[in-house]
Amino acid sequence: MKRATLRDIAEALGITAATVSRALKGYPDISSRTKQAVLAVADQLNYAPHPLAVKLRQQEYKVIGVVVPDIMHPFFSDIVSGIVDVVEQLGYHVMLSQSNESYEKEVRVTQMLQATGIDGLLMCLSNETVTVDHLRTLREYDLPIVLFDKISLGLDVSTVVTNDFQGAYDAVTHLLQQGYTRVAHIKGPVHPENSRQRFAGYRAALADYGVPFRPEYVAECQAVTHAEGYAFAQQFLALPEPPEAIFAVTDAVAIGAIGALKEAGQRVPEDMAVIGFSNWTVCELLEPTVSSVVQSGYDIGCRASELLLREIQQLRDDQPREHRHLVLNAAVKVRQSSQRTPAITVA
């Protein structure tokens, strides 16, 4: 049976959760009538203070659970660095795990972290995650949760994401403004929200520039790998009318595509331009250097940590938690792989 919360009492009485909390603590600014009503409904609903909140008031617990799809991935390692830098300043420790992009493993590791008694959870959903009942269960126990990068719109928690739509829109606009009109997209899996937003940004840019959408210019990754980028670039080259440019959902996919193009004797960007998403450091080291949409994993980690620590403090103070949804800016970093060289005019 779901445990009654301050919010349940507040909704039953038509007052705020903060008022309920103050009434239960006997604050003098709350009227006797309100206190009596709160106590009556609390008794009716079998309300009891959450054990974690009690524990937080009694001792310094200070452990943050973190779940990412891949610890070794450059983007997620940057996020973890941001998390650690923020939480360690306040004496918290990080318990880190990875889902390997598996929904089943994601469920197991979140249950394990909750059983260890973490103060809160920072998490990026796996590519396989569709339902989030495992996280709803944690929410019923008032465990603070902040999702980042890959999130669920159906879960009432704080979130931190990159403006994936705008980043994709700007990347495709850059290609169109270079004169590339046949623009392909290697998209991410169907479920992650960030993949859907990047695909939506791609389509919106085409529409705004009056370029028809061509389904044969869209390929969908399952694992979002270098190998998929390589294979899909080969697939595009085999079309009767190959695209002139590729917008890839990640840098790994973009780099794979460039490898296939070069192997096929195509010049990048002269024969086909390529732009990725995330701006890995390696993009500056390859030949050609790889254009990409910049998203700061470190900033995502910092902001997500700040939101979580704020909610943990609100729980400790028996205050209602206020969820926030942060959308961080994305910017296109133009490098050689998408920069069309101006034609040389001979006098």
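The values are calculated or read from the model by the stated rules, or taken from the named source; none is laboratory data. Source: prediction; values computed, not measured. When we count neighbours, we look across all protein chains shown, and the Cβ atoms used for this are built from the backbone with ideal geometry, even at glycine. Heads up: the accessible areas ignore ligands, DNA and RNA and are worked out on the full protein's heavy atoms, side chains in. Shrake-Rupley method; radii C 1.70, N 1.55, O 1.52, S 1.80 Å.
The table that follows gives values for the structure above.
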{"quantity": "Leading residue by the ranking (nearest to Val172 (Cα to Cα)) among those in the stretch 187-205 that are in contact (Cβ under 8 Å) with a residue 40 or more places away in the chain and not in a helix (DSSP H, G or I)", "calculated": "Lys187"}
{"quantity": "Out of Val109, Val94, Val86, sole residue that is part of a strand (DSSP E or B) and in contact (Cβ under 8 Å) with a residue 12 or more places away in the chain", "calculated": "Val94"}
{"quantity": "Any chance Glu322 is closer than 30 Å to Arg7 by Cα, open to solvent by 50 Å² or more (accessible area, probe 1.4 Å), within 26 Å of the chain's Cα centre (by Cα) and modelled with pLDDT of 95 or more", "calculated": "no"}
{"quantity": "Residue within the stretch 154-166 that is farther than 27 Å from Val294 by Cβ and of a type in the set (A, V, I, L, M) present", "calculated": "yes"}
{"quantity": "The stretch 135-154 - residue that is within 30 Å of Tyr47 (Cβ to Cβ), touching a residue at least 24 places away in the same chain (Cβ under 8 Å) and outside any loop (DSSP other than H, G, I, E, B) and, of those, most open to solvent (accessible area, probe 1.4 Å)", "calculated": "Glu140"}
{"quantity": "Qualifying residue in the stretch 285-293 (condition: under 14 Å from Ile79 (Cβ atoms) and open to solvent by 10 Å² or more (accessible area, probe 1.4 Å))", "calculated": "no"}
{"quantity": "Residue identified as among the β-branched types (Val, Ile, Thr) and in a loop (DSSP other than H, G, I, E, B) among Thr159, Thr181", "calculated": "Thr181"}
{"quantity": "Residue list for the stretch 188-205, filter: basic (Lys, Arg) and surrounded by 22 or more Cβ atoms within 10 Å (Cβ to Cβ)", "calculated": "Arg198"}
{"quantity": "Members of the stretch 293-323 found to be in contact with a Gly (Cβ under 6 Å, 6 or more places away or on another chain) and under 14 Å from Val84 (Cβ atoms), listed by number", "calculated": "Tyr298, Gly301, Cys302, Leu308"}
{"quantity": "Some residue of the stretch 226-243 being surrounded by fewer than 22 Cβ atoms within 10 Å (Cβ to Cβ), among the polar types (S, T, N, Q) and either out of contact with any Lys or Arg (no Cβ under 6 Å at 6 or more places or on another chain) or within 25 Å of Ala331 (Cβ to Cβ) (or both)", "calculated": "yes"}
{"quantity": "Looking only at the stretch 1-34, and only at residues there that are basic (Lys, Arg) and surrounded by fewer than 11 Cβ atoms within 10 Å (Cβ to Cβ), the one that is farthest from Thr137 (Cα to Cα)", "calculated": "Arg33"}
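Each row is one residue, and each column tells you yes or no for (1) closer than 24 Å to Gly297 by Cβ; (2) of a type in the set (A, V, I, L, M, F, W, C); (3) open to solvent by 70 Å² or more (accessible area, probe 1.4 Å).
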position	(1), (2), (3)
Ile64	yes, yes, no
Ile71	yes, yes, no
Ser99	yes, no, no
Ala115	no, yes, yes
Asp133	no, no, yes
Ser158	yes, no, no
